[in-house]
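Every number in this text was worked out from the coordinates using simple rules, so none of it is lab data. Fair warning: this is a prediction, and the values are worked out from it, not measured in the lab. Note that each Cβ is placed from the backbone with ideal geometry, even for glycine, and that neighbours are counted across all protein chains shown.
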Amino acid sequence: MKKGALALLVRGGTDNWAASRWMKRFGDVCPDRLVVEMPDPSFDPAEVHYAAVWKPKPGDLAAFKNLRVIFNLGAGVDALMADTSLPDLPLVRVAVSDLTERMTEYVVLHALMHHRQELYLRESQRVKRWSPQPQWAAGAITVGIMGLGALGAHTVGVLKHVGFKVVGWSRSPKEIAGVPCFHGEQQLEAFLRQTDILVSLLPLTTDTHGILNRAVFEKLNRSSPMGAPVLINAGRGALQNEADILSCLEDGTLGGASLDVYVTEPLPADSPFWSHPKVVLTPHNAADTDPEEISKYVAQQIERFEAGGALENVVDRKQGY
Ligand code: NDP
Ligand code: OXD
């Protein structure tokens, strides 16, 4: 019997999301299935059983009447959840070691950058200033991870291995050996009070929108050797109140920030973040989605699903992640 087609709907802009890369990979891993790049007016949408998507246009997926599963090609599903016409079908997100390890690299890199005073040292090099400041041990710093999911839980282990103290915060209770874990709104303040480097690996949902704001930054620990606490956000831009970040950097509530994500992406040329001396900026590439790994992951899930097995990493539509 002919296998149902896989529709590819990829938008995004950066080279990493070029549809041609994904088409080639899906062609390789699904050799006995028709893979169609949409939109393709010559193709009957009723033949589509699976959709592999990144930021499709709202309404695009509603056109596939025989769709069985939607595969989001990234970890965050906030763009899809905003589509009110999204078919009520299993929505699978990415949770693979390749992505997780890339994100861990990003967080460890930036935690170390602030802990080792890299902003000060690079500026010293630029002005030929031989004036090292006292350096403390990693164990003097507590990294607080917001979001203990696929990305957060792995990052915790590596940060601990480097020597940082680590605390975590999630929606539901968690137990991680050697890591004080907090959960829910009621325990947020206790988590923040211990945190010197605040790392956001949260999904964007109605509950988390704007959560990185002044009220939160003011509760962070101010008595670490770093002096002022630091923010690292690699979750989503709309988690952060950007005016609050700027004013907190200005008045010393925050000592620095590493930002990978922004309310508006690409970051507008007139954003003050571009040239802010206390901001380390990256263009939403903390953890790139690798077509090689992700297409394999999708193909394996389809195979298992067609053999009667369960899909993995299905989004809880009520929670929004
Ligand atoms: P998961 O769904 O595995 O984990 C999400 C975590 O956030 C869970 O621990 C969850 O709690 C927690 N959480 C959700 N809502 C709340 C809340 N209201 N209060 C407290 N905690 C909450 O996601 P991933 O770890 O795979 O990815 C996280 C996010 O990272 C993605 O949604 C995406 O936005 C972003 N991302 C960014 C990338 C980049 O390049 N910048 C790349 C990849 C992902 P619980 O465990 O209780 O469910
Ligand atoms: C993701 C991302 O969610 O790349 O995977 O932002």
Global form of the range 99-281, assessed from the alpha-carbon gyration tensor, a/c cut-off 1.5: oblate
Under the Karplus curve 6.51 cos²θ - 1.76 cosθ + 1.60, θ = phi - 60°, whole-Hz ³J(HN,Hα) for the range 259-276, x wherever Gly or Pro sits: 10, 10, 10, 9, 4, 10, 10, x, 4, x, 4, 8, 5, x, 4, 3, 10, 6
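Computed over the Cα atoms of the chain, what is the convex hull's projected area averaged over all directions, in nm²? Can you show the working numbers first?
Numbers: hull surface 72.8 nm².
Mean shadow area of the hull around the Cα atoms is 18.2 nm².
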Fewest-first ranking of Cys248, Cys30, using other Cβ atoms within 10 Å as the exposure measure: Cys30, Cys248
Summed residue charge, Cβ within 14 Å of Gln240's Cβ, Lys/Arg positive, Asp/Glu negative: -3
Using a Förster distance of 30 Å, the FRET efficiency for Ala95-Trp274 (Cβ separation, nearest 0.05): 0.40
Computed over the range 99-281: relative contact order in percent, which uses C-alpha pairs under 8 Å that are six or more apart: 17
Cα→Cβ-extended label distance, 7 Å offset, between Ser42 and Leu112, nm: 5.1
Mean separation of Cα contacts under 8 Å, 6 or more apart, over the residue count of the chain: relative contact order %: 16
Assigned charges on the beta-carbon of Lys, Arg, Asp, Glu; the chain dipole about Cα centre (debye): 560
Furthest towards positive pole of dipole, Val199, Pro272, Gln187, structure part the range 169-321, Cβ charges: Gln187
Sorted by Cβ neighbour density within 10 Å, fewest at the top, the residues Asp244, Asp260: Asp244, Asp260
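Which value, in Å³ per residue, describes the convex hull spanned by the Cα atoms of the range 179-247?
Taking only Cα atoms, the range 179-247 has a hull volume of 95 Å³ per residue.
Ranked by Cβ crowding within 10 angstrom, fewest neighbours first, how are Glu105, Glu185 ordered? Can you show the working numbers first?
Working: Glu105 14, Glu185 9.
Ordered by Cβ neighbours within 10 Å, fewest first: Glu185, Glu105.
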Simple Cβ-charge dipole of the range 99-281, Lys/Arg +1 and Asp/Glu -1, about Cα centre, in debye nearest 20: 580
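Given the Cα-Cα distance of Ala215 and Asp288 and 0.36 nm per residue of separation, how much length would full extension add, in nm? Can you show the working numbers first?
Values: separation 73, 0.36 × 73 = 26.28 nm, distance 3.11 nm.
The span from Ala215 to Asp288 would gain 23.2 nm if fully extended.
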Anisotropy class of the range 91-131 from Cα gyration tensor, a/c 1.5 cut: prolate
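Per the helix-only calculation at 222 nm, which mean residue ellipticity applies to the chain, given -39500 (n - 2.57) for every DSSP H run of n ≥ 4 and division by its residues, nearest 500 deg cm²/dmol? Write down the numbers at each step before the final one.
Working: 9 runs with 92 residues, N = 321.
That comes out to -8500 deg cm²/dmol.
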Cα-projected label distance for Ala137 with Ala19, points at 7 Å along beta-carbon direction, nm: 5.6
Spatially proximal aspartates and glutamates relative to Lys3 (Cα-Cα < 16 Å; intrachain offsets below 8 disregarded): Asp28, Asp32, Asp44, Glu47, Glu303, Glu306
Added length on full extension, which subtracts the Cα-Cα distance from 0.36 nm per residue, Glu189 to Lys128: 17.8 nm
Separation in nanometres of the label points that stand 7 Å from Cα toward Cβ, at Leu34 and Ala243: 5.2
Span-rule helices in the chain, defined as complete DSSP H runs reaching 20 Å or more along the axis (Cα) with Kyte mean at least -0.5: 97-115
